[in-house]
Amino acid sequence: MYLNNYIDPQLFDPQKFQEELKTNANPIKLFRQTFKQGQEVLKTRFEQAPNAAESVSQRAWLVDQILRHVSKELCICPQSQQVALVAVGGYGRGELHPGSDVDLLILLETIPDLKVQQCIERLVTWLWDIGLQVGHSVRTLLECEREAKTDITVVTNLMEARLLSGPKKLFETMQNQVSPEYIWPVKDFFATKMQEQAQRHLKYHDTAYSLEPNIKECPGGLRDIHMIGWVAKRHFGATTLHDLVQYGFLTELEYQTLMEAQTFIWQIRGHLHLIAGRREDRLLFDYQRAIATRLGYQDDHKHLGVEKLMRRYYRTAKEISSLNDMLLQLFQEAILYADTPITLYPLNKRFQICNDFIEVTHNKVFMHYPFALLEIFLLMQQHPEIKGVRASTIRLIRQYNYLIDHAFHNDLRARSLFYEMIRQPRGLIHALRRMNSYGILAAYIPSFGKIVGQMQYDLFHVYTVDQHSLFVVRNLRRFAIPYYQQELPLCSKIMENIPKSELLYLAGLFHDIAKGQGGDHSELGEKEALDFCQAHGLSDNDSRLVAWLVRYHLKMSMTAQRQDTSDPAVIKAFAQQVGDPVRLDYLYLLTVADIRATNPNLWNGWKAVLLSDLYHKTQDFLNQGAITAVDKRGLVENIQRETLSLLQGIEWGLVKTLWDNLGDDYFLCSSPQDIARETKVILDHKTPEIPLVLERHNIQGITEIMIYVRDKKYLFAEMTHYLEQKGVTIVNAYLIHTQKEYIIASYTFLESDGTAIVQHERVADILEGFRKLLSRPEAPAFCPIHRHIPRQIKHFSVPTRLNFKHDPINKHSVLEVITTDRPGVLSHIAQAFAACQVRLKRAKIATFGSRVEDIFFITDDNQEALYSADQIDCLCEKLSQLLEGKPLTPKKP
């Protein structure tokens, strides 16, 4: 709020300044020094005892003093009665942050002559010379009226105008000309502003939960508060938001909540501008940690200080959004629908429909019937014709949510209502989102309240935990909706056979509910889910199924992405943990929904292939039973028998000789269709010095190539480096050493952004490049790989870690490499393998935000695990040199 009659000699002493001005031969320098000193005073005050509300007002006051003295010094122009200096926009409201532009209107009565133009140019030059960041416009009264008529942003700026110097009558004439009596009547203004807000929110994906939110423009940002003020000013002529309390549109508590929210965001914005050294409204990773430290948020064993800052910001933005929605609906009723006839339709004695919106029948409904705080959401599910909740009822929900206490939780009616909501065939997601917005979900499930606004400081989890959990439930619901059947056909098919989909929705709601509590969130969440289900009358079997899903919701993803699922022993171990086909169905659906709700760029065709492959292999094992399940050799024989049925006209002896040469691992990693095709091609290949490079059967847009070439040193490194130079992302690779000094290799890759390679010409170019590369006899040269590195990566550096373990049954060692994602990581690892005589059997490549977690199944030259300490030391030293440039301490077996 602008400071009237404010005096602050430390910030600006008018008398002292005027005296210095009389004796100073360089007035511009004096103005510049005075303004700079005032800015330093404000900076010191803010950093020592941040009071954002005082700071923005005092800065506006300081600029006022400077501008008025400049105006007086220059006399603006010889005909000063025709020119007024007017503060507009945020400056007009009396709100200036350290980097804010000073928005000025130079208001003229008529079109200026040459002298006036020169005077205005001199004024603007002065303002820039003394250090003011000025955003100015020069308009006559007629131009103000004309531009305001056609551009709502102009009239909005002029509504907040404040006279600094010049004729008051001229200023009042301008105010009158842009009033709702002449242009932009209240109805038109409100409707257009609503549309403007909707477009602005859409630009930011309709969420306040961005990893790097724009604290001014995002939903729940400062603009949403401004929106309320603009409508109030246009409709009521209100000069402050507190006027809405007098008009009955805000309660005193809501006003205080809004002001506290604004002050908190102002604090962030002030520090943001000071750290950036300029106007900056994006709360980028570059600034988040520094701001958290300045505001006193410290790391502890559960949360980073920056996570605490962002949690408070997201909760504040959520509160602003909620109040913005409620108030705009009240304005809508008062402005747009004031003359609309009221149509009432009773639902029961507690609720009725008023013009398509549900409302309470009287203001004491929730006091007399607390369970109605849940009932209202169930009624909306059962009556899809209801468009929303009336604003007056939203206010009552917010007012009475304190009634959801211990007695409420033990009320059978409340428990029955909630479980019935979960079981409804429609409207579940809308109900849960409304409950979360109004604070009901957090009140009814206290553990859920702890994850509201909670974020994880990385590039992998792009949503807060509460938002992510609701997205998971949404994804699960979509599996049951015919409209989305072609999106994920396997999931939709499985969903049709799920005995109780409501158990799946509960698991989705609870799967991350214990995040941030310390300890394993899956184990802690299991207990939360079990207690909740049992309290709501679910059977012991159903309760334990939900709890089991919460406990093991990461198991299928980890197995598919980090283990060798071509190994029957891996499938057996996973299947035994799952137990039965029904649990497998539930777990598969939850896993897919969870991954797709973590990050919009995380799900791709390769993950779909990995999970469906694990699902089908596990399903086969469970359907066969442990007694009839085949071992590794038996599985190879089954694959060979199926492949033989596809081979026609080829002598069995030649096929058997080739297959014996290729070894068992090739068959476990390949489909019968690919084996049949590649068998024919290899047998027909008469020039062994020329490598074979083939594209394999394309599944779900995944590009996989097979290479058959004579073995040589640095082969894996050479091939990997080539693919990384081509700008693709390798997600899977294996190299099988045959008995005749050949290697049969496979690479699976995507575009660098995780999408499928759709251009056939690009794949053909990569294949031809491989043929030329592998035909060269000279040693490879590993030039640096240049690729754009996102700005955010530097804030999430991951220390390189190496973890070894041996698998004596499969005669290989398993190396896990965790490091920061950057161009050339995989080829560096491959070069280290070659330098230490390490052979790769298989690689599973995974990147989570800025974090690389790659798994390598490796052997020595004798196809045995790396039991040699010298060889492990060599590998660690080389990896340390290539990845970190310093020694590492590996976790050895």
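The values are calculated or read from the model by the stated rules, or taken from the named source; none is laboratory data. Small disclaimer: the values here were computed from a predicted structure and weren't measured. Note that each Cβ is placed from the backbone with ideal geometry, even for glycine, and that neighbours are counted across all protein chains shown. Only protein heavy atoms, including side chains, enter the accessible area calculation; ligands, DNA and RNA are left aside. Shrake-Rupley method; radii C 1.70, N 1.55, O 1.52, S 1.80 Å.
Among residues of the stretch 4-14 being modelled with pLDDT under 90 and out of contact with any helix residue (DSSP H, G or I) (no Cβ under 8 Å at 6 or more places or on another chain), the one that is least open to solvent (accessible area, probe 1.4 Å) is Asn4. Taking Ala391 as the residue in question, decide whether it is among the aliphatic types (A, V, I, L, M) and at pLDDT below 95. Yes, satisfied.
Which residues, taken from the stretch 645-668, are more than 49 Å from the chain's Cα centre (by Cα) and open to solvent by less than 70 Å² (accessible area, probe 1.4 Å)? Lay out the reasoning, then the answer.
Going through the stretch 645-668, the residues more than 49 Å from the chain's Cα centre (by Cα) turn out to be 645, 647-658, 660-661.
Passing the criteria: Leu647, Ile650, Gly653, Val655, Leu658, Asn661.
Of the listed requirements (1) touching a Leu at 6+ places or on another chain (Cβ under 8 Å); (2) part of a helix (DSSP H, G or I); (3) buried (at least 21 other Cβ atoms within 10 Å of the Cβ), Thr34 misses just one: (1). Considering only residues that are over 11 Å from Gly516 (Cα atoms) and free of Cβ contacts under 8 Å to residues at least 60 places away in the same chain, look in the stretch 445-468 and name the one that is least open to solvent (accessible area, probe 1.4 Å). My answer is Asp466. Among the residues of the stretch 831-866, the ones that are among the aromatic types (Phe, Trp, Tyr) and either in a loop (DSSP other than H, G, I, E, B) or open to solvent by 30 Å² or more (accessible area, probe 1.4 Å) (or both) come to 1 in all. Mind checking which residues of the stretch 340-365 are outside any strand (DSSP E or B) and under 36 Å from the mean Cα position of the chain (by Cα)? Within the stretch 340-365, just Asp356 meets the criteria.
So for the stretch 723-733 (the condition being of a type outside the set (A, V, I, L, M), open to solvent by 10 Å² or more (accessible area, probe 1.4 Å) and more than 31 Å from the chain's Cα centre (by Cα)), does at least one residue qualify? Looking for residues that are of a type outside the set (A, V, I, L, M), open to solvent by 10 Å² or more (accessible area, probe 1.4 Å) and more than 31 Å from the chain's Cα centre (by Cα), one finds none in the stretch 723-733, hence no. Might you check whether a residue that is free of Cβ contacts under 8 Å to residues at least 12 places away in the same chain and either open to solvent by less than 40 Å² (accessible area, probe 1.4 Å) or assigned to a loop (DSSP other than H, G, I, E, B) (or both) occurs anywhere in the stretch 377-399? Within the stretch 377-399, not a single residue is free of Cβ contacts under 8 Å to residues at least 12 places away in the same chain and either open to solvent by less than 40 Å² (accessible area, probe 1.4 Å) or assigned to a loop (DSSP other than H, G, I, E, B) (or both).
Which ones in the stretch 481-492 are buried (at least 19 other Cβ atoms within 10 Å of the Cβ) and at pLDDT 95 or above?
Step one: of the stretch 481-492, the residues buried (at least 19 other Cβ atoms within 10 Å of the Cβ) are 488, 491.
Of everything in the stretch 481-492, just one residue is buried (at least 19 other Cβ atoms within 10 Å of the Cβ) and at pLDDT 95 or above, namely Cys491.
Scan the stretch 346-356 and tell me whether some residue there is among the basic types (Lys, Arg), open to solvent by 50 Å² or more (accessible area, probe 1.4 Å) and either in contact with a Leu (Cβ under 6 Å, 6 or more places away or on another chain) or in contact (Cβ under 8 Å) with a residue 12 or more places away in the chain (or both). Yes, the stretch 346-356 contains a residue that is among the basic types (Lys, Arg), open to solvent by 50 Å² or more (accessible area, probe 1.4 Å) and either in contact with a Leu (Cβ under 6 Å, 6 or more places away or on another chain) or in contact (Cβ under 8 Å) with a residue 12 or more places away in the chain (or both). Applying the criterion of at least 3 residues that are surrounded by fewer than 17 Cβ atoms within 10 Å (Cβ to Cβ) and without any contact (Cβ under 8 Å) to a residue 40 or more places away in the chain to the helices (runs of 4 or more DSSP H) found wholly in the stretch 140-196 leaves 141-150, 168-177.
For the subset of the stretch 630-648 comprising residues that are modelled with pLDDT of 85 or more and polar (S, T, N, Q), which member is nearest to Asp660 (Cα to Cα)? Only one residue fits best here, namely Gln640.
Quick check on the stretch 541-549. Is at least one of its residues within 30 Å of Glu816 (Cα to Cα) and open to solvent by 10 Å² or more (accessible area, probe 1.4 Å)? Looking through the stretch 541-549, at least one residue is within 30 Å of Glu816 (Cα to Cα) and open to solvent by 10 Å² or more (accessible area, probe 1.4 Å). All of (1) assigned to a helix (DSSP H, G or I); (2) open to solvent by 10 Å² or more (accessible area, probe 1.4 Å); (3) closer than 26 Å to Cys119 by Cα hold for Val70 with one exception: (2). Each residue in the stretch 558-613 was checked for being open to solvent by 30 Å² or more (accessible area, probe 1.4 Å) and polar (S, T, N, Q), and 4 pass.
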